[in-house]
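Working notes, structure below.
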2 protein chains.
Amino acid sequence: MRSTYLALASLASIATPVLGQTFQRLGGCPTLGCVFPPDQAEFLAGAKFDIRLEVHAPVNGSEAFNNGVPDENFSLQISNNKGYSASITDFFQTPDTTVEKWNFTWYEDLFALDAKTPTEVNVASKAYRSLSLSEPGEYTATLKYYDGQETVARWTVREPCEKPLVKNVILFIGDGMPQSAITAARLLAHKQINGKYQSTMQLDKMDGVGLQMTHSMDTFITDSANSATAIMTGHKSTVNALGVYRDSSPNPFDDPKVETIAELFHRQRGGKVGIVSTAFLADATPASLVAHTRDRGQYAPITEMYLNGVTSNYSDWTSWSGPDVLLGGGAEQWIAGSGSPGKKDYYEVFRQAGYQVVNDKDQLASADASQRTLGVFSQSNMAKWIDREIFPQNLPNITKSPTGNGTAVNQPGLAEMTLKAIDVLHSRSGDKGFFLMSEAASIDKMFHAMDYDRALGELLELDDTVRQTIAHLETIGELDETLIVVTADHAHGFDVFGSSDSKYMTAKDDDRVKRSAIGIYESSGHSEYQVAKGSRPDNETIVYGDQGPNFPVQWDPRYTIAAGFGAHPDVQESYSIAKNGPRLPAITQNGTAYANPADKPDGYLTNGTIPADQTQGIHSLQDVPIFTKGKPEAVAVFRGVMENTDIFFHMAKVLGLGSTDRDQNKGNGKGKDNKA
Amino acid sequence: MRSTYLALASLASIATPVLGQTFQRLGGCPTLGCVFPPDQAEFLAGAKFDIRLEVHAPVNGSEAFNNGVPDENFSLQISNNKGYSASITDFFQTPDTTVEKWNFTWYEDLFALDAKTPTEVNVASKAYRSLSLSEPGEYTATLKYYDGQETVARWTVREPCEKPLVKNVILFIGDGMPQSAITAARLLAHKQINGKYQSTMQLDKMDGVGLQMTHSMDTFITDSANSATAIMTGHKSTVNALGVYRDSSPNPFDDPKVETIAELFHRQRGGKVGIVSTAFLADATPASLVAHTRDRGQYAPITEMYLNGVTSNYSDWTSWSGPDVLLGGGAEQWIAGSGSPGKKDYYEVFRQAGYQVVNDKDQLASADASQRTLGVFSQSNMAKWIDREIFPQNLPNITKSPTGNGTAVNQPGLAEMTLKAIDVLHSRSGDKGFFLMSEAASIDKMFHAMDYDRALGELLELDDTVRQTIAHLETIGELDETLIVVTADHAHGFDVFGSSDSKYMTAKDDDRVKRSAIGIYESSGHSEYQVAKGSRPDNETIVYGDQGPNFPVQWDPRYTIAAGFGAHPDVQESYSIAKNGPRLPAITQNGTAYANPADKPDGYLTNGTIPADQTQGIHSLQDVPIFTKGKPEAVAVFRGVMENTDIFFHMAKVLGLGSTDRDQNKGNGKGKDNKA
């Protein structure tokens, strides 16, 4: 056998693959053997997961090995910290599976991409489905391959909570909402006098403040699928992946799954689940509660998973028959056609599954809270708060009917959707409790479009929704038994840096002269967004105490905020609000992106800092805040600086999820009975 | 009389001055009558302050009034919430003062600046010095002028703390340190495996996490003088102002003062004060503990104030005879010459006042901890951690001797200075306790230079200093009696947005092609700063647990982080570290700034977004984090989202400062004896 693996020694001495590469052979797999869940994975006792093992044989490139023939005789040995060690099949008392084989290609770096010299990799793999570990503690999973090579995954199984701390959890996600955006929203919506805010955001008043780190499994910049997976499952994952670790197979639905908080809450407690988003419903964040695919773009299958859960032949996964309430945009997946599952009328499919269907704000308001409810209010993403509330004349041009042709000018906002969702869940959950995820999706979408006015409008709508939610929970008697968590899934590198005199900027022609309109430091002045046009800034307009409207009085003052992004495409910027609808900052011509000449024509041009084919702003690294309100013992769980995956474990803890009861869990690890 | 003020009615109807202007007649004074401390000011019971009243008569411009003749017969009436109301002289039992008169000019907007048409304002004013309010509660101070005009300032006096919660406070300020910078520093200095950090920052491990808002009195973007004043005195102020509200007089030393935490701690408790900074010592943040001037640029007078406090003829202010330990850079103010007070040898002046003087790292190490200590280790700002530790060959070129000619290659770092300061304070404070402010000043200075590698080096040195401080306090038995607070004074709009393949960027010529080197999302990869050059990314280099060096293993990997700023001058960026010393991103030619062609020549050019005469990056709006460690009851004081001024009140609370004892306070408000 040794001679087969002769390349090994030379590999160790000459090849120096690095972790920080632009491309990766496979995330989470720096060596030629891959174990998913990978090293450092954490599990809640009793939560379900799949295992995927891969052995790679690169045919060419810096890692070329064994003439491209992958070892098919690999094995996985699992040990616990009580001294018990067994093969995967013995450990989980699960039947062995057959070897799968495939190949894939990748580029080792940008030079290889330019030269069109991909590296080919042959793969041998096995998958084991629907397992769980019931005994808290440390485990090692050792993949042995190529006659002596090992890849070790160190796993930790966390203790389940003895008993629930609260009955309900409401998780608000401000998609792409860093603290810098919250600060900017406060500046626009809340009046200060001599630097002291007279009212503050609801987020400023929460009981607990913490920070979460959004680093993903294989990249330090995450997307919303990846980070939502971390929050909903406790497992770090990969860009575009939902509820799975990404494997290298061609099939986007066979990747190793991990159970979501919604699935676990439904399976273990029979609790009711609600999902609300201002995005199209098949988008990553709402989908993260039910979907298991490494490709967030699989909109039709994701929509089918909303109703039926994982129905492929890959496993007997958690049974799932739909959330009790599902509200948002994205009618393309419900209107019979190319976007819907099986091209069916999916409204009808949901109706047959017992859902009432509503398609506008009025229907939502009058919907029967005792029934399971599907609300789809637009095609694509829902209208933005600013277009709904400030520039409603834009709606006919930028909305499309959720039922077919026409417009969708009568859309509810996040607050209306969230409060109705609470009513449905309150009505239907009884003493089993509910879990509601409510997403302000277009904070992110408008930051991508560099339309920070609209992003801040969405953020203020989120803040107002949290405020209304607290009041509503109090009214219906659920406040004491509910933990409210508000956080973001990742940041944008956005910040306010001064003011802009829009009159001066418009009056000047030269771009370098226009820049003199920017007021920095002592010239930044006060926010004018709380001063009505034409009014005097004296005591007449001063509102003391927390009595403000919590939204700007005007969005188009002469002196606007000036804000920017740490990374951006070519763009023209005037710092005044786009009045005709969301911005389109850059457009593509001949495969490369340039500033859109129709966007902010009074502004000045700045060339981009990211790959020249990008037309939008991008995500960034910074930790995002996490705010909580509820019982002190539940709030205390979320304090400090945490991994985004901790949010899953913290939510599971306050809801009393997880189980050390082996009998309830098929394919459960034997560690419990084999103490050393 | 009425006819004299005829212009009033028309002013109210036609003039619409706005709060958000590029220029302001006087911050905190939107009407023609000004009261400092202004509306919404908060006071600690027993803390000293001055009152400044101004009446403005604009000669020309949109506010022109009364032919430019200011009312000299203005009066201030003060009322408490117990029903007592009296004139200022009766209320404070303080003699009346004489009217001062002056004039000043300002520009109403950028068009007026371009046209060189200033507005002239004549002023009548009085000042009342060294007052205090001993009775907690609400007050109104009403300035009456122009026969019927009123400007009302609503003041709040906060309760003093019954008794100290801790003996000592150590306040670390990371100047210009947003959470985005802490996140980036973590990415460089701490290893993660599959997304899970194996070690974390000391800041990540503190007991409490909160957020502070940095909005200043008259602008939403602050500088370090302004924000340090807020933190040290509890009063929001103005850009460039230290320990005062800015008035409109020509004299930069007659502005109305507010007492600092150091002065109060010294006056009320006899506690010992230490000041440490990596900046020149006359810089804003260290100066904020002792200086009272609206012009932070008054370096020599500030240096004199370090030793003697306020010695002008304006008041009998808190007596002050110097901090017990003062360590940093800025020898220009100590070497006899144009920069030192009275052109004297200020080392000698300090020696005669009983200080031992040290000028390098070795002298600092061997200094007698029982003596008052002045340490000045360089001219200008001290050397940066990266130049001291990674590129020491730069030091001869970029340092200047603290004693005269020559270099300063043997400088201590923030940790050595802080630990020695603790030893001096510990040795000298006995049971009276100490207050130490330790500033990592060059996080800000290097962000201004867009040299984020060096900024992050400084941040990591701060984090390491906090770590060492905790260990040292434990060793000397002071940990239990010390509250550690770590915060920033303001942010920079900085964030990491991806990685950069430096090899690819260097190999390409065209700027738009170079941008392809940037890896975003799934191409951002892992940080390579924790992987030694040439090593393999396998288990050999993995360190589990919190055992890392807490600094990068290398600073110049092939795949660097790519980070940017929301606002910047014209700049060239390659994302690789500047090896020969701090960056100089832009240079001025003919009064306008252009990217420095010698800076990051392998990078691509981006045009600026701020006024074209700016050569540096600027501050930003976002809230900054505040971390605390200590007794739970002291940590609990700092939780949540707070104003920067709250930090003063919180520190005063844990130190048990403030007093309702009227007899101890000259010029004390009478409200206490005059309950309704």
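Structure summary
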read-out: Rg to Rh, two decimals, where region B:391-430 supplies the alpha carbon set and Rh follows Kirkwood; value: 1.18
read-out: With DNA, RNA and ligands ignored, accessible area of residue B:29 (1.4 Å probe; Å², nearest 10); value: 10
read-out: 17 Å cut-off, amide nitrogen to a point 7 angstrom out along residue A:101 Cα→Cβ, residues in region A:111-146; value: A:120-127, A:146
read-out: Portion, in percent, of the accessible area of chain A that falls on carbon or sulfur, probe 1.4 Å; value: 47
read-out: Chains A and B, summed buried accessible surface - 1.4 Å probe, Å², nearest 100; value: 10700
read-out: Residue A:388 accessible area, assembled protein chains, probe 1.4 Å, Å²; value: 40
read-out: Alpha-carbon gyration tensor eigenvalues x 5, square-rooted, for region B:2-159, Å; value: 30, 17, 14
read-out: Which of A:379, A:278, A:301, positive extreme of dipole for region A:241-383 (C-beta unit charges); value: A:278
read-out: Taking all pairs of distinct alpha-carbon atoms in the protein assembly as shown, Kirkwood radius in angstrom; value: 32.8
read-out: Electrostatic dipole magnitude of chain B [Cβ: Lys, Arg +1; Asp, Glu -1; Cα centre; debye, to 20]; value: 580
read-out: Where B:506, B:465 fall by accessible area, highest first, once all protein chains stay in place (1.4 Å); value: B:506, B:465
read-out: Residues in region A:486-503 occluded by at least 30 Å² - accessible area, probe radius 1.4 Å, against chain by itself; value: A:495, A:496, A:497
read-out: Label-point separation, residue B:661 to residue B:506 (7 Å along Cα→Cβ), nm; value: 6.8
read-out: Distances in nm from residue B:345 to the matching label points in the other copies, shortest first (labels 7 Å along Cα to Cβ); value: 9.8
read-out: Furthest towards positive pole of dipole, A:77, B:441, A:194, structure part the protein assembly as shown, Cβ charges; value: A:77
read-out: Label geometry 7 Å along the beta-carbon vector: residue B:312 inter-copy distances in nm; value: 7.5
read-out: Whole-number D in µm²/s for region B:335-473 (Stokes-Einstein; Kirkwood sum over Cα pairs; 10 °C, 1.306 mPa s); value: 98
read-out: Convex hull per residue volume in Å³, alpha carbons only, for chain B; value: 172
read-out: Fraction in percent of alpha-carbon pairs per bin - 10 Å, region B:187-281; value: 13, 28, 31, 16, 9, 2, 0
read-out: Orientation-averaged projected area, Cα convex hull of region A:311-387 (nm²); value: 6.6
read-out: Förster-model FRET efficiency, 56 Å R0, residue A:356 and residue A:205, C-beta, rounded to 0.05; value: 0.95
read-out: Cβ-derived FRET efficiency at R0 35 Å, residue B:605 paired with residue A:590, nearest 0.05; value: 0.95
read-out: Mean accessible surface per residue for chain B, computed with a 1.4 Å probe while every protein chain stays in place, in Å²; value: 31
read-out: Region B:2-159 - percent relative contact order, Cα under 8 Å, separation 6 or more; value: 33
read-out: Neighbourhood net charge (13 Å Cβ-Cβ; Lys/Arg +1, Asp/Glu -1) for residue A:269; value: +3
read-out: Paramagnetic reach from residue A:476 (point 7 Å along Cα→Cβ, amide N under 14 Å) across region A:414-455; value: A:415-438
read-out: Cα pair distances in region B:342-406, grouped into 10 Å bins until the bin that holds the longest one, percent each; value: 19, 44, 28, 9
read-out: Residue B:162-residue B:316 FRET efficiency (beta carbon distance; Förster radius 30 Å; 0.05 resolution); value: 0.55
read-out: Isolated Cys residues of chain A, judged by Cβ distance under 4.7 Å to other cysteines; value: A:161
read-out: Residue order for B:514, A:82, B:344 - accessible surface, 1.4 angstrom probe, largest first; value: B:344, A:82, B:514
read-out: Residue order for B:490, A:472 - accessible surface, 1.4 angstrom probe, largest first; value: A:472, B:490
read-out: 16 Å tail of the calculated P(r), region B:92-175, as % of Cα pairs; value: 78
read-out: For the protein assembly as shown, size of Cβ-based charge dipole, Lys and Arg +1, Asp and Glu -1, in debye; value: 980
read-out: Cα-based shape type of region B:262-326, given that a ≥ b ≥ c are square roots of the gyration tensor eigenvalues and the cut on a/c is 1.5; value: oblate
read-out: Nearest-first distances (nm) between copies at residue B:507, label 7 Å from Cα via Cβ; value: 5.2
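The values are calculated or read from the model by the stated rules, or taken from the named source; none is laboratory data. Being a predicted model, the structure only gives us computed values, none of them experimental. FYI the Cβ positions are ideal-geometry reconstructions off the backbone, even for glycines, and counts take in every protein chain you see. With ligands, DNA and RNA removed, areas are computed over all heavy atoms of the protein, side chains included. Shrake-Rupley method; radii C 1.70, N 1.55, O 1.52, S 1.80 Å.
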